[in-house]
Amino acid sequence: MNGINRRSLGALAAGGLMAATLGRPAWAQGSAVDASKVSRDISARATKKYSIATVVKVDGIAWFDRMRAGVKQFGADQGHDTWMVGPSAADAAAQVQLVEGLIAQGVDAICIVPFSVEAVEPVLRKARRQGITVISHEASGLENIDYDIEAFDNHAYGAKLMEVLARDMGGEGKYVATVGSLTSQSQMEWIDGAVAYQKQHFPKMQEATRRIETYDDATTDYNKLKEVLTAYPDLKGILGAPMPTSAGAGRLIAERKLAGKLFFSGTGLVSVAGQYLRNGDINYIQFWDPAAAGYAMNILAVMALAKKPVKAGLDLGLAGYNSLQAPDPKRPNILVGQGWVGVTKDNMAQYNF
């Protein structure tokens, strides 16, 4: 894709408990992703140079800045034309518009992290009908895809978040849960897993109110959590599915001096939540490496384009994606890795993003 086309897409964007690992990270310090074990045969480098666009929920936040690094590294490592775009705010219609633009440009493949599964189904159907390969992430319910790759089992991820939150809360009291959107399928599944774990193991805890939509924005998180705290002054826990909640909750707890009284457990990055971990305002964040996820999506895109076999047991050569599983026999194109980690102030220095 030439520079003019990429600038056009950039203008569109502007308009619009078991697997937790507390050990050392597996990625190399000199690059975003340790891809030294990625097979050159997987990349099909000598076959053709493909154009692959990765479309994310929202551009300009730390999570997807990190994913961009993995997408760019894949292109440099494997000799394909790869880039990332996303709307300037979490907006389903803007994301659909970006995909429409990519279809018009005739890219070979689209990798997507959808803000709303329902919103992107029609446009992804259109892409595939025009011969474009589609790979998704955080969207195991999508139908119009070649493959979906998940970093882990979503319900187990949420259960671990709840295990930590419940421990900090002493196994009782009120908590709230945030999601980027009620249509963000993976995040909803994390919270489903967390609530199921709470009901089974901690019956004295209660979800105070319906799930709070924060649109993947830390300021929105902060403001909505302030409102919830006013309505429920006895609130003891915040369960955060979207990464920015770690900053919004941390800020609220720090400002109100509620450390040790109001607890947080959720998705986060050290670059975003590190100050709150360091100061003891929050105790725990959980995440997977967005750069590795971006790299993995692009590997699958090339494999699909080159018609290479993709099935359970596949080793992509990336930490957390060494033995992909297909847990649903009815949907063998939904692949699951083992790629999440848990971080506290004791091991946060090991993570540089």
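Below are the figures for this structure:
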| item | result |
| --- | --- |
| Selection within the stretch 122-157 - under 19 Å from Pro309 (Cα atoms), open to solvent by 40 Å² or more (accessible area, probe 1.4 Å) and either modelled with pLDDT under 95 or under 18 Å from the mean Cα position of the chain (by Cα) (or both) | Tyr147 |
| Residue match in the stretch 84-92 (condition: in a helix (DSSP H, G or I), under 16 Å from His137 (Cα atoms) and of a type in the set (A, V, I, L, M, F, W, C)) | yes |
| The stretch 104-118: number of residues that are surrounded by fewer than 19 Cβ atoms within 10 Å (Cβ to Cβ) and either aliphatic (A, V, I, L, M) or more than 19 Å from the chain's Cα centre (by Cα) (or both) | 3 |
| Every residue from the stretch 315-324 that is open to solvent by less than 40 Å² (accessible area, probe 1.4 Å) and not hydrophobic (A, V, I, L, M, F, W, C) | Gly317, Gly320, Tyr321 |
| Counted residues, the stretch 39-66 - those being in a loop (DSSP other than H, G, I, E, B), at pLDDT 90 or above and open to solvent by less than 20 Å² (accessible area, probe 1.4 Å) | 4 |
| Residue selected from the stretch 325-352 under the condition open to solvent by less than 20 Å² (accessible area, probe 1.4 Å), closer than 16 Å to Ser271 by Cβ and assigned to a loop (DSSP other than H, G, I, E, B), by the criterion modelled with the highest pLDDT | Asn347 |
| Residue count, the stretch 190-216 (criterion: among the acidic types (Asp, Glu), at pLDDT 95 or above and either open to solvent by less than 40 Å² (accessible area, probe 1.4 Å) or not in a helix (DSSP H, G or I) (or both)) | 2 |
| Enumeration of residues in the stretch 67-80 that are of a type outside the set (A, V, I, L, M) and open to solvent by less than 30 Å² (accessible area, probe 1.4 Å) | Gly70, Gln73, Phe74, Gly75, Gln78, Gly79, His80 |
| Scope the stretch 170-189; condition within 21 Å of Ala231 (Cα to Cα) and not in a loop (DSSP other than H, G, I, E, B); matching residues | Gly173, Lys174, Tyr175, Val176, Ala177, Thr178, Val179 |
| Pairs, first of a type in the set (Ser, Thr, Tyr) in the stretch 241-259, second part of a loop (DSSP other than H, G, I, E, B), C-beta under 7 Å, six or more apart | Thr245/Thr214; Ser246/Gly268; Ser246/Ile282 |
| Filter result for Leu17 (in contact with an Asp or Glu (Cβ under 7 Å, 6 or more places away or on another chain), under 30 Å from Gly248 (Cα atoms) and at pLDDT below 95) | yes |
| Hits in the stretch 112-150 (condition: among the acidic types (Asp, Glu) and part of a helix (DSSP H, G or I)) | Glu118, Glu121 |
| Some residue of the stretch 128-151 being over 22 Å from Ala296 (Cα atoms) and in contact with a helix residue (DSSP H, G or I) (Cβ under 8 Å, 6 or more places away or on another chain) | yes |
| Qualifying positions in the stretch 279-332 - more than 22 Å from Arg40 (Cα to Cα) and more than 22 Å from the chain's Cα centre (by Cα) | Asn279, Gly280, Asp281, Pro329, Lys330 |
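The values are calculated or read from the model by the stated rules, or taken from the named source; none is laboratory data. Predicted model, so just to flag it, every value in this text is computed and none were measured. We place every Cβ from the backbone using ideal geometry, glycine too, and count neighbours over all the protein chains shown. Each accessible area value is taken on the protein alone, full model and side chains, heavy atoms only, with ligands, DNA and RNA left out. Shrake-Rupley method; radii C 1.70, N 1.55, O 1.52, S 1.80 Å.
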